[in-house]
Amino acid sequence: MKKQFAIIGLGRFGSSVCRELHHMGHEVLAIDKNEKKVDALSDVATHTLVADVTDETALQRIGIRNFEHVIVGIGEDIQASILATLHLKDFDVPKVWVKAQNNYHHKVLEKIGADRIFHPEHDMGYRIAEFLTSEKVLDY
Ligand code: ATP
């Protein structure tokens, strides 16, 4: 079934989530404050928008509250990630999935109601270690 997602922050993480969802046939609204990042995804995203998501009124104008699932891929600017998450939960977006930069960031995200929190590098390291030690990897 075709689903709708909004992705905020089109770094390596956000853009690869966007490409993959598009590849799977879903609709994706891709948002970043950097026009170049937005333009780079214009061929894969269903809609693109240049916006600063720390601005609550900008999020309101976008109609973000109509999305059921929003992914926040802002990394380095922890304050922006936290503010965006706060606004999204204030707008009652049911599923807000957020990339965390460190454990303190994680704790704050948890407190303000992020529904799922990722640490991509850590998670991938864990999965690769699991894969390397699984029985499926016999020799390489
Ligand atoms: P990655 O590892 O996924 O490349 P990163 O951890 O280095 O990302 P950043 O590059 O800091 O994270 O952020 C990802 C994207 O989020 C950037 O393209 C940046 O322009 C965007 N971004 C940061 N702040 C905002 C904001 N307030 N509004 C919208 N987009 C933002």
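Coordinate-derived values only; no laboratory data. As the structure is a prediction and not an experimental result, all values here were calculated from the model. Heads up, the Cβs are rebuilt from the backbone with ideal geometry, glycines too, and the neighbour counts pull from every protein chain shown.
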What angle do you read, to the nearest 10 degrees and between 0 and 90, between the alpha-carbon axis of helix 12-23 and the longest principal axis of the chain?
-> 90
How many Lys pairs in the chain lie less than 16 angstrom apart by Cα atoms, where the lysines are 8 or more positions apart or on different chains?
-> 7
Neighbour-count ranking [beta-carbon atoms within 10 angstrom, fewest first] of 111, 89 = 111, 89
Can you give the Rg to Rh ratio for the chain, taking only C-alpha atoms and Rh from Kirkwood?
-> 1.02
For 3-10, 57-64, 71-78, ranked highest to lowest by mean beta-carbon neighbours within 10 Å, the order is 3-10, 71-78, 57-64
